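Since the structure comes first, as structure tokens, the remarks are kept for the end.
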Amino acid sequence: MKSINKTARMAGFLYLIYMVIHILANIVGRSRFIVYGDATATANRILASAWQFRTGIMIDLLGAVLFLLTAWTLYVLLKPVNKKIALLFLLLNLCGVVIYSLNLLNQFTPLLLLDGDIYLKTFQADQLQSLFMLFLNIYKNGFMMAQIFFAIWVFPLGYLIFKSMFLPKILGIILMIHSFTWLLYVVMFFFIPNFIGITYISFPLGFIAEFGLTLWLLIKGVKETKLTLVC
């Protein structure tokens, strides 16, 4: 029982740290530097604080590792409910993390194009800016492709929470609903890029479900009587 509660609180702790790291990466890196549609402004911002841009990328990578570790601890916690479904959400999370991490190379490319190496002298400044904006747009689309797996993994996670009997069923229900809205948001991004109405549903649901689950695991853990019934 102590071991299971330790696992639950570890999952909550890792989930919380991941959220903080993810927000920090966005503040330090992406949102501070990348101006889609304005290559000159983006180049000037990166050149002015290249070290900070690099730091943001590394923080992003750390966040990906923490997210995978969070999924692993949730797998350990929930596999007594259904090991196959728990393995499914772990593998889905792993696929998303791999795509997300490899896609960070596209965010790193502007640093290579702007560092002034001699082999880049054959390109004009505007050509280099167009090239790195291309890679940043590839990064943006790759980021959304990773979200497909992150959206789908939430459904089996929510299902196991709903069936677990030692975690709040309402959190499982919200997670499963959020999975559909999140996936719909990704589909809309690729087919109807200007439609953002679904975000008003998906983002609040995601915050309530994931942050709620994080706090529950971190503070409450699991109940012994209900855990015994499952095991």
Requested in this report: Restricting attention to segment 187-198, report how many residues are in contact (Cβ under 8 Å) with a residue 24 or more places away in the chain and not in a helix (DSSP H, G or I).
Outcome: 0
Query raised in the report: Restricting the search to segment 58-88, which residues are farther than 16 Å from Thr214 by Cβ and touching a Phe, Trp or Tyr at 6+ places or on another chain (Cβ under 6 Å)?
Result: Ala64, Ala86
Query raised in the report: Checking Ile174 against (1) of a type in the set (Val, Ile, Thr); (2) modelled with pLDDT of 90 or more; (3) not in a helix (DSSP H, G or I), which test does it fail?
Result: (3)
Query raised in the report: Got at least one residue in segment 167-174 being under 16 Å from the mean Cα position of the chain (by Cα) and crowded, with 21+ Cβ neighbours inside 10 Å?
Result: no
**Report entry** Breaking point among (1) part of a helix (DSSP H, G or I); (2) among the hydrophobic types (A, V, I, L, M, F, W, C); (3) surrounded by 18 or more Cβ atoms within 10 Å (Cβ to Cβ), for Leu184
**Finding:** (3)
Report summary line: Per the filter on segment 149-166, residues among the small types (Gly, Ala, Ser) and within 22 Å of the chain's Cα centre (by Cα) are Ala151, Gly158
Query - Among the candidates Gly142, Gly158, Gly221, Gly212, residue that is on the phi > 0 side of the Ramachandran plot and among the small types (Gly, Ala, Ser) - result: Gly221
Query raised in the report: in contact with a Gly (Cβ under 7 Å, 6 or more places away or on another chain), aromatic (Phe, Trp, Tyr), modelled with pLDDT under 90 and closer than 25 Å to Gln127 by Cβ - does that describe any residue in segment 25-42?
Result: no
Query raised in the report: Residues in segment 182-204: is at least one under 17 Å from Leu77 (Cα atoms), touching a helix residue (DSSP H, G or I) at 6+ places or on another chain (Cβ under 8 Å) and modelled with pLDDT of 75 or more?
Result: no
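The values are calculated or read from the model by the stated rules, or taken from the named source; none is laboratory data. Worth saying up front: this structure is predicted, and the values here are computed from it rather than measured. Every residue, glycine among them, receives a Cβ derived from its backbone with ideal geometry; neighbour counts consider all protein chains shown.
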